[in-house]
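The values are calculated or read from the model by the stated rules, or taken from the named source; none is laboratory data. Note that the coordinates shown come from a computational prediction; the quantities given were computed from them, not determined experimentally. Reconstructed Cβ throughout: ideal geometry from the backbone, glycine too, with neighbour counts over all protein chains shown.
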């Protein structure tokens, strides 16, 4: 009887070890994906502002204005998304990251550990996020976020209470997943309809302006000036390539797949099949993150060089 008992102990330990690795990788991958998606949103206003300054640089007739003649904000102060709207979306990513991390802890532990104090503080901060979304003005999509955000924040808060952890896990699996998917759908729509087009059209506009500037002035410029301007054209062309190749929504799809795999692990009692699927979806998410961060960094470097 001793051998079978020992074998069962070893097998249990093996499963635990094999689960800990993908759960840790899941948390890292989701954090990286959230940072990348957040960068796309953060870059919306920065990219519009860069284009605005480029127009001012190439057309001396234009003035620097905070608001236009109709009273609308110019890109100087952010035209598409206010700083508050961008911040709220970044916080929604932080909420999903905290939710996923705690779900991973609960799914992977025989007896879930108490949350550290910093985790509780994060939950308290994000608990007010629903109110933040409801208070945003001139942001048509903000109210759609409020309900799902409030629900997920509520489930996350229950995960902080020791006596409610098991019920919170069941509620997360049963009711939380659709709400998380809804938030991801909203973020995906914002990337598709706002961040993505601005990135692509803006890069196209920047390239067109660089080409026009060179073609108008090449006859009177010196060789050195033409060389410098052509380098600007080359950088703008590379930026346009990167903008066309960027697929921020693929990050959302990969986060969604990883979340579903994690829920499957939690709901199946950590079956080997569900753990293997989690490992595969986490690896796919990590690959998307590396690709996105590399492209974002190169695009930012090109923009930084254009500003010098």
Check: In the range 64-78, what count of residues is obtained for those that are part of a loop (DSSP other than H, G, I, E, B) and over 15 Å from residue 53 (Cβ atoms)?
Finding: 5
Next item on the list: Could you check, for the range 266-275, whether at least one of its residues is touching a residue at least 40 places away in the same chain (Cβ under 8 Å) and more than 14 Å from residue 103 (Cβ to Cβ)?
Entry: yes
Check: Which one is farthest from residue 268 (Cα to Cα) among residues in the range 170-190 that are at pLDDT below 90 and crowded, with 23+ Cβ neighbours inside 10 Å?
Finding: 176
Next item on the list: Only one of these is closer than 23 Å to residue 92 by Cβ and in a helix (DSSP H, G or I): 174, 210. Name it.
Entry: 174
Next item on the list: Residue by residue through the range 225-258, note down the ones that are over 25 Å from residue 210 (Cα atoms) and touching a helix residue (DSSP H, G or I) at 6+ places or on another chain (Cβ under 6 Å).
Entry: 248, 249, 250, 251, 252, 254, 255, 256, 257, 258
Checklist line | Residue in the range 104-124 that is out of contact with any strand residue (DSSP E or B) (no Cβ under 8 Å at 6 or more places or on another chain) and modelled with pLDDT of 90 or more present | finding: no
Margin query: Among the numbered criteria (1) within 22 Å of residue 194 (Cβ to Cβ); (2) surrounded by 11 or more Cβ atoms within 10 Å (Cβ to Cβ); (3) free of Cβ contacts under 8 Å to residues at least 24 places away in the same chain; (4) touching a helix residue (DSSP H, G or I) at 6+ places or on another chain (Cβ under 8 Å), which one does residue 73 miss?
Written below: (4)
Checklist line | Some residue of the range 50-60 being assigned to a loop (DSSP other than H, G, I, E, B) and modelled with pLDDT of 80 or more | finding: yes
